[in-house]
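A.B. asks: Take this structure, written in structure tokens, and hold onto it; I'll ask about it next.
The values are calculated or read from the model by the stated rules, or taken from the named source; none is laboratory data. Predicted, not measured: the structure shown is a model, and the values here were computed from it. All Cβ positions, even for glycine, are placed from backbone atoms using ideal geometry, and neighbour counts span all protein chains on display. Side chains are part of the model used for accessible areas, which takes the heavy atoms of the whole protein and leaves out ligands, DNA and RNA. Shrake-Rupley method; radii C 1.70, N 1.55, O 1.52, S 1.80 Å.
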Amino acid sequence: MNRPAKHPSKRATAVTGPTALYDVPGPRTRRRHRVYGVVTTAAIAALLGWVLYLLFDTGQFTAVKWSPFEYRGIQDLLLTGLGNTLKAFAYAAVLSLALGAVLASGRLSEHRPVRWVATALVEFFRAMPVLVMIFFIFVALKVQALPALVAGLTLYNGSVLAEVFRTGVNSVERGQREAAYALGMRKTQVMSYVLVPQAVRAMLPTIISQLVVALKDTSLGYLITYEEFLHAGKLIASNLDYDLPFIPVVMVISPIYIGMCMLLSWFAHWLAGRQRRNPRTDAAGPAPASPGTLLPGAQ
């Protein structure tokens, strides 16, 4: 008489469960990982304590170094610089997206001369340092600080985004393109209604990452006397009346830059989630079964 099979214990299930990427760690491995975590946490805490000690020891938290931020004039200077930074970034972001779309269209063109010209422009502006282009436009072409900064950022980031757009469109399955052409759609329609909507999801993280780069590169404007956020911080940090509060200025400006970059990343996640929830982008479910027309003589 066969005995009924015993149910595996919870412990056995936990150890022998399906693991696609790695084996389930055993008790000794888990203890070792806890030790590594404790040691790493202690090392990070010690490093932060040492940095704080150096800051206190060098007098970075004295009242005289933080007193500038109490004055309305200094606050207005920082707010004006922040507004100028956001204005330059807004112009550069919109123009970079537009330039990237134009250059990507040229790179994907079926006309060989157009494709060659677009490729040459993309490779040239991608290889040129941003600061060199900004200085050339500002000094050689005698352009004002804001247009020079925006133009340099647009040329560089637009050429990078062009490659992002081209790669995203080419990443769509080839059958999608062929099916659209088989339906009689023109190339513009195939690009607008079939390829680009599917490629946007794949391109979105890279696009946002490049816009974050553009936001941080707006700080290069202080080199051409554009009164952006970093330029305002430099004016405060070089003030001898407040004992050169360089570290306090960095501690005020850095979190704001980090917060703006994190806000862009959050916007990208929100936009991606909204696209996933959009009913127009969801795949249509199968139609319910219904009786068809019976042929003559069928039962």
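A.B. asks: So for K234, K187, K142, what's the accessible-area order with a 1.4 Å probe, most first? Present the calculation step by step, with values, prior to reporting the outcome.
C.D. replies: Numbers: K234 115, K187 70, K142 165 Å².
If we order K234, K187, K142 from most to least accessible, we get K142, K234, K187.
A.B. asks: Among A148, G81, W116, which residue has its Cα positioned farthest towards the positive end of the charge dipole of region 76-169, with +1 placed on the Cβ of Lys and Arg, -1 on the Cβ of Asp and Glu, and the dipole taken about the Cα centre?
C.D. replies: W116
A.B. asks: Also: Along region 216-221, what does the Karplus equation 6.51 cos²θ - 1.76 cosθ + 1.60 (θ = phi - 60°) give for ³J(HN,Hα), rounded to whole Hz, x for Gly and Pro?
C.D. replies: 5, 6, 4, 5, 5, x
A.B. asks: Let me ask something additional. On the full set of protein chains, 1.4 Å probe, figure out the accessible area of V143 and give it in Å² to the nearest 10.
C.D. replies: Answer for V143: close to 40 Å² accessible.
A.B. asks: Residue by residue through region 135-151, what is 3J(HN,Hα) from phi via Karplus (6.51 cos²θ - 1.76 cosθ + 1.60, θ = phi - 60°)? Round to whole Hz and write x for glycine and proline.
C.D. replies: Taking θ as phi minus 60°, the curve returns 5, 5, 5, 6, 8, 6, 8, 6, 9, 5, 4, 5, x, 5, 5, 5, 5 Hz for region 135-151.
A.B. asks: Rank-order 31-40, 249-258 by packing density, defined as the average count of other C-beta atoms within 10 Å over each peptide's residues, highest first. Intermediate values should be presented prior to the final figure.
C.D. replies: Values: 31-40: 10.4, 249-258: 15.2.
Those peptides, ordered most packed to least, come out 249-258, 31-40.
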